[in-house]
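Okay, structure first, notes after.
Here, each number is a calculation from the coordinates, and none is a lab measurement. Since the model is a prediction, treat every value here as computed from it, not as a measurement. Here the Cβ positions follow ideal geometry from the backbone for every residue, glycine too, while neighbour counts run over all protein chains shown.
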Amino acid sequence: MSDADDQKRAAGEAAAALVEAGMVVGLGTGSTAAWFIRALAGRGLDVTCVCTSRVTGELAASLGLKLAGLGETGDIDLTVDGADEIGPGLSLIKGGGGALLREKLVWEASRRCVVIADAAKHVKKLGKFPLPIEVVAFGHATTALRICDALVESGLGVAPRLRTRDGEPVRTDGGNFIYDAACGAIEEPAALAAALKSVTGVVDHGLFLDLADQALIGAADGGVTTLEP
Ligand code: 5RP
């Protein structure tokens, strides 16, 4: 197992220890979230889980976790999810795995959100990881031009790239497309988030601001560092 995987596993297991019997738990998407899900299932607690993607739902079901859809339970007590970057104040870039919309819906419905990651994800400034932007498929190339304008107005002269696999656009669980914007350094994440949300055709973006309550970050020495906003 690589160092990064060890760190993801340590963070996932630390997060699983936060879960109590009877909780409604939001399950994130990605390799780090998968470590959390496996550790949670291993605890054998009676919990109800709300998933942020089909892939996560399949993993959780295969491990025997009880599942419910978003809105079918009371409040979600705790959501645990990975991130592509963790910046100042626990601002995040998410969506590398393409699940950003369902993730944000579940995060926003949660009383508490904990982000888990390996140490390389912790950065001084957001933006090295290309920012995922989910758009409706209809007219997506036109929407991409409007996104370009929003990026330029935010001081970021970058062209977003349509995410493809085997030459075809990647579809999210909701059937949308994703554009990735290699921003470089995002000086004002809140302003950029607002500018992107104002573009018709943009469903959502991977900036998760003021949503994470805590970060658990696996360290090179095998420990886990806790960060608060
Ligand atoms: C999926 C996500 C993931 O949490 C993010 O991409 C991190 O993935 P990993 O834990 O595999 O590094 O936002 O949409």
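Results, tabulated for the structure shown:
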read-out: Chain lengthening between His122 and Ser198 when straightened (0.36 nm per residue, less Cα-Cα); value: 24.5 nm
read-out: Net charge of neighbours whose Cβ lies under 12 Å from the Cβ of Leu216, counting Lys and Arg as +1 and Asp and Glu as -1; value: -2
read-out: Radius 11 Å from Cβ of Lys121, net charge of other residues (Lys, Arg +1; Asp, Glu -1); value: 0
read-out: Low-density loop cleavage sites - trypsin sites (Lys or Arg not before Pro) in the stretch 132-225, where at most 14 other Cβ are within 10 Å (DSSP); value: Arg171
read-out: Cα convex hull of the chain, projected area averaged across orientations, nm²; value: 12.2 nm²
read-out: Cα-Cα over 31 Å, subset of Lys66/Lys124; Lys66/Lys197; Lys8/Lys104; Lys66/Lys128; value: Lys66/Lys124; Lys66/Lys197; Lys66/Lys128
read-out: Residue (of Gly184, Val203, Gly155) at the positive-pole extreme of the stretch 144-212, dipole from beta-carbon charges; value: Val203
read-out: Estimated FRET transfer efficiency when R0 is 22 angstrom, pair Ala21-Asp210 (beta carbons, to 0.05); value: 0.15
read-out: Chain lengthening between Ala61 and Arg161 when straightened (0.36 nm per residue, less Cα-Cα); value: 32.6 nm
read-out: Counted charge near Pro229, where neighbours are those whose Cβ lies closer than 14 Å (Asp, Glu -1; Lys, Arg +1); value: -2
